[in-house]
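The values are calculated or read from the model by the stated rules, or taken from the named source; none is laboratory data. If you're wondering where the values come from, they're calculated on a predicted model, not measured in any experiment. Ideal geometry is used to build each Cβ from the backbone, glycine not excepted, and the neighbour counts take in all protein chains shown.
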Amino acid sequence: MEPNDKSLDPESVRRRTALFYKFVWPHRNLIYSLCIRYTYCQEDIADNYNEVLVNFFKYMDTYDPQRSIQTWLHIVTKRFVADLNHRNSQFKRSDDIDVQQISGNLLCEDGPPASVMGLDNYRELYSDDILLALDSLRPIYREALLLQQAGYKLGEIMEITFRRGSLRVRNIETVKSRLFLAKQQMRKIITRDGDKREE
């Protein structure tokens, strides 16, 4: 969404905020249960729930108060989660590279736990072949991938990269795209076992 979009007009934001808290927010538990029911991958439930809420906020003006709010919430959530399932499936492949899984020397006996892996210490934790592959990535792709490997969810990666200035607008689709391209590039350089591919 562009910064000059009409939906960012302060009056529009105030109106949609009021409608959101009047009609949607009181039913957030229903929406979450619908996300659980319709989301294919359990790990995506929280992300899908957040995206569904954002979608409701963006399009609050389309709700007709003459209609049943629960029916409307159900229909919109089901359709939007189905779309998210489809989009998420485009970014998940059976041969996706998980850097932590393939790094045989991820930790030394007295090294830090994997949960403290971050952008400042990852070089100490990965093999030379994996580091070579990571170094070949554009910084914005490497950053997203390393944050994911450190255990951050899509929404958290979006917030971190936005705060760091490498993401101009909060957009989870941009994060997904960066992760997809990072893994695609990694697959060209290293095998699933973390070894450099033969030329």
Based on this model, can you work out whether Asp44 counts as over 30 Å from Arg16 (Cα atoms) and at pLDDT below 90?
no
Quick check, is Tyr21 exposed (fewer than 13 other Cβ atoms within 10 Å of the Cβ) and part of a helix (DSSP H, G or I)?
yes
Please go through the range 171-180 and pick out each residue that is touching a residue at least 60 places away in the same chain (Cβ under 8 Å) and buried (at least 17 other Cβ atoms within 10 Å of the Cβ).
Ile172, Lys176, Leu179, Phe180
Filtered residue count, the range 24-79, keeping only those that are in contact with a Ser or Thr (Cβ under 6 Å, 6 or more places away or on another chain) and not in a helix (DSSP H, G or I):
0
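The rows are residues; the columns are (1) in contact with a strand residue (DSSP E or B) (Cβ under 6 Å, 6 or more places away or on another chain); (2) more than 26 Å from Asn50 (Cβ to Cβ).
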position	(1), (2)
Asp129	yes, yes
Leu145	no, no
Ile157	no, no
Arg163	no, no
Ile172	no, no
Phe180	no, no
Gly194	no, yes
Given (1) surrounded by 20 or more Cβ atoms within 10 Å (Cβ to Cβ); (2) touching a helix residue (DSSP H, G or I) at 6+ places or on another chain (Cβ under 6 Å), identify the lone condition not met by Lys183.
(2)
Residues being within 25 Å of the chain's Cα centre (by Cα) and aliphatic (A, V, I, L, M): count how many of those fall in the range 16-34.
4
